[in-house]
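In what follows, a single structure is set out as structure tokens and then discussed.
The values are calculated or read from the model by the stated rules, or taken from the named source; none is laboratory data. Given the structure is predicted, the values throughout are model-derived calculations rather than measurements. A quick note on method: Cβ atoms are made from the backbone with ideal geometry, for glycine too, and the neighbour counts reach across all protein chains shown. Accessible surface is based on the protein model in full, side chains and every heavy atom, while ligands, DNA and RNA are left aside. Shrake-Rupley method; radii C 1.70, N 1.55, O 1.52, S 1.80 Å.
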Amino acid sequence: MNTLAPILVTGNLPASVLNTLKKEFQVEYHGEDRPMPRPKLLHSIRNKVGLLSMITDDIDGELLDHAPGLVMIANMAVGYNNIDLDTATGRGILVSNTPGVLTEATADLAFALILGVARRIAEEDRMVREGRFRFWAPFLFLGREVSGKTLGIIGMGRIGKAVARRAQGFQMPILYSGRSPLDGAVEKELNARCVPLNDLLRESDFVSLYIPLSADTRHFISKKELALMKPTAFLVNTSRGPVVDEKALLGALQNGTIAGAGIDVYENEPAITPGLEKLDQVLLLPHVGSATLETRTRMAAMAAENLLAGLRGGTPPNLLNPKVLR
Ligand code: GLV
């Protein structure tokens with residue numbers, strides 16, 4: 001590989017990571033906290049061999065058509081639903097993600113949402129800021145207890161398990177559903193029981209989601225699933241917005257089908273379904289699950305390490321499509 005092969009980086013990186021890339025590549029750098037505009041992306045990718053992409057970049061067939069020399073895409077995220085993996089694989093392009101390094105930060109944020117919706121943190125903060133806090137009162141801002149309540153975990157992967165570990169500190173029994181049950185010892189340690197989805201929905205006080213977005217999981221939670229939840233239960237989503245039918249969620253919140261929701265991701269991000277912002281029982285965050293300085297630094301370094309490995313002709317440590325190498 002030519003030592004100054006051209007690569008494109010579509011989002012802000014820590015200086016140390018950028019400098020590592022600049023030693024080996026000619027870097028076109030979109031160092032901004034806003035997505036690269038699509039026409040610019042289509043133009044800039046033309047002569048590149050490598051792409052360090054953000055989840056806001058839509059890497060579809062059209063983009064790949066504009067990138068005849070592309071060898072590797074390193075996505076700076078664990079989720080890669082923004083990339084048409086089959087098309088990239090068909091064209092022999094290596095694709096990697098950043099698993100593991102964001103597990104704890106994302107689980108922390110999921111737990112912040114659980115506590116935040118149950119204890120009405122955002123509403124309370126608004127009240128104090130607006131000068132409306134006049135007296136302590138016995139029934140002021142009554143929330144719901146978290147300790148001892150049943151936590152539903154849909155998708156018991158890395159992040160689901162990290163949330164389950166946190167829940168142990170709150171003595172929360174766990175119901176989970178997912179493709180592969182945990183082994184008995186781990187279930188015991190986490191106080192977790194694998195149950196059919198409908199049982200999880202019926203029995204949990206908090207239903208939380210840790211599944212990737214794919215054609216199979218789009219609208220995984222819709223009107224029917226929300227109707228099974230307890231009217232006192234909360235939904236927490238830190239995975240991907242389209243996993244929940246957002247209009248159905250709005251309806252369920254407006255009708256009191258469920259008690260509230262903590263949401264970090266949206267179906268048509270960054271737009272939200274109009275009406276959600278009017279509801280006090282929802283906590284709305286701007287897709288910040290992995291947004292700590294430490295974690296984003298590790299994600300950037302990991303994406304760069306993958307890109308370097310792939311473009312040097314090696315195997316990227318977090319390669320998603322090893323088929324390309326065979
Ligand atoms: C963020 O949403 C990620 O998938 O890493």
Point to revise | Overall dimensions of the range 42-154 as given by Cα atoms, namely Rg and Dmax in Å | key: 22.7, 67
**Study point:** Among Gly90, Pro138, Gln281 the positive-end extreme of the charge dipole of the chain (Cβ point charges)
**Key:** Pro138
Check your understanding: On the accessible surface of the range 103-284, probed at 1.4 Å, how many percent belong to carbon and sulfur atoms?
Key -> 54 percent
Check your understanding: Check Ala261: other-chain or 5+ apart residues with amide H under 5 Å from its amide H, H built from backbone geometry?
Key -> Leu235, Val282, Leu283
Revision key, fill the gap. Sorted on mean Cβ neighbours within 10 Å (highest first), peptides 251-261, 109-119, 4-14 come out as 109-119, 4-14, 251-261
Exercise for review: Report, in whole Å, the centroid distance computed from the Cα atoms of the range 237-257 and the range 24-64.
Suggested key: 32 Å
Practice item. Check the straight Cα-Cα distances from Lys149 and name the lysines below 30 Å, setting aside those fewer than 8 residues away within the same chain. Key: Lys161, Lys188, Lys223, Lys224, Lys230, Lys247, Lys278
Exercise for review: Compute the acute angle (0 to 90°) between the alpha-carbon long axis of helix 103-118 and the principal axis of greatest extent of the alpha-carbon atoms of the chain; round to the nearest 10°.
Suggested key: 30 degrees
Practice item. Using only Cα positions of the chain, each an equal point scatterer, no hydration layer, compute I(q)/I(0) via Debye at q = 0.09, 0.11, 0.14 Å⁻¹ and quote the log10 values to two decimals. Key: -0.53, -0.76, -1.09
Review point. Which value, in debye to the nearest 20, gives the size of the charge dipole of the range 1-137 about its Cα centre, when Lys and Arg are +1 and Asp and Glu are -1 at the Cβ?
Key: 400 debye
Check your understanding: With all pairs of different alpha carbon atoms counted, what Kirkwood hydrodynamic radius in Å does the range 70-123 show?
Key -> 13.5 Å
Study note, to complete from the structure: Charge tally for neighbours of Val265 with beta carbon under 14 Å away, counting Lys, Arg as +1 and Asp, Glu as -1, is -3
Point to revise | Long-range amide H partners of Gln26 with built H, under 5 Å | key: Ala5, Ile7
Check your understanding: Cα axis of helix 293-311 to longest principal axis of the chain: angle in degrees, 0 to 90, nearest 10?
Key -> 30 degrees
Point to revise | Derived scalar couplings ³J(HN,Hα) [the range 75-84; Karplus, 6.51 cos²θ - 1.76 cosθ + 1.60; whole Hz; x for Gly, Pro] | key: 7, 8, 5, 7, x, 9, 5, 7, 10, 7
Point to revise | Mean accessible surface per residue for the chain, computed with a 1.4 Å probe while every protein chain stays in place, in Å² | key: 48 Å²
Study note, to complete from the structure: Placing each pseudo-label 7 Å from Cα in the direction of the beta carbon, Arg34 and Leu284 end up separated by a distance in nanometres of 2.0 nm
Review point. Just how large is the dipole of the range 103-284 about the Cα centre, in debye to the nearest 20, putting +1 at every Lys and Arg Cβ and -1 at every Asp and Glu Cβ?
Key: 240 debye
Exercise for review: With a 10 Å radius around each residue's Cβ, average the other Cβ atoms per peptide and rank 27-36, 228-237, highest first.
Suggested key: 228-237, 27-36
Review point. In what sequence, highest mean first, do 214-227, 191-204 appear when ranked by Cβ atoms within 10 angstrom?
Key: 191-204, 214-227
Exercise for review: Run the dipole for the chain about the Cα centre, Lys and Arg Cβ at +1, Asp and Glu Cβ at -1, nothing else charged, and hand back the magnitude in debye, nearest 20.
Suggested key: 280 debye
